Amino acid sequence: MLAYNKWEQGVETMQTKHQPTVPREYAGKWIAWDHDITRIVASGNSLVDVLKSAEEAGEPDPVLDKVPRVDVHLIGARIR
């Protein structure tokens, strides 16, 4: 997962953060992580509902993510 840092000296930097494994029960849903990406604070089928639920759970700056369905397999290749 890629997370964007705040502006540093006028240049936006990007860091790769380790994301914990997501339980299968969230497959195909939107989830909201806490700001540190250590726990899921909300989930649902609608991005808007998940954002509202995260704010209600006390997380003002959640990291939003869409979890792939169980039947979707992601593969990749290195492009040179």
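The values are calculated or read from the model by the stated rules, or taken from the named source; none is laboratory data. Note that the structure is a prediction, hence the values are computed from the model and not measured. Heads up, the Cβs are rebuilt from the backbone with ideal geometry, glycines too, and the neighbour counts pull from every protein chain shown.
Restricting attention to the stretch 24-80, the residues that are without any contact (Cβ under 8 Å) to a residue 12 or more places away in the chain and among the polar types (S, T, N, Q) add up to 0.
For residues that are of a type outside the set (A, V, I, L, M) and modelled with pLDDT under 75, scanning just the stretch 60-80, find the one that is farthest from Glu25 (Cα to Cα). So the residue we want is Arg80.
For Val22, are the conditions met, namely being at pLDDT 75 or above and not in a loop (DSSP other than H, G, I, E, B)? No: the conditions fail for Val22.
Quick one: would you say Gly28 is at pLDDT 90 or above, of a type outside the set (Ser, Thr, Tyr) and in a loop (DSSP other than H, G, I, E, B)? Considered against the rule, which asks whether it is at pLDDT 90 or above, of a type outside the set (Ser, Thr, Tyr) and in a loop (DSSP other than H, G, I, E, B), Gly28 comes out as yes.
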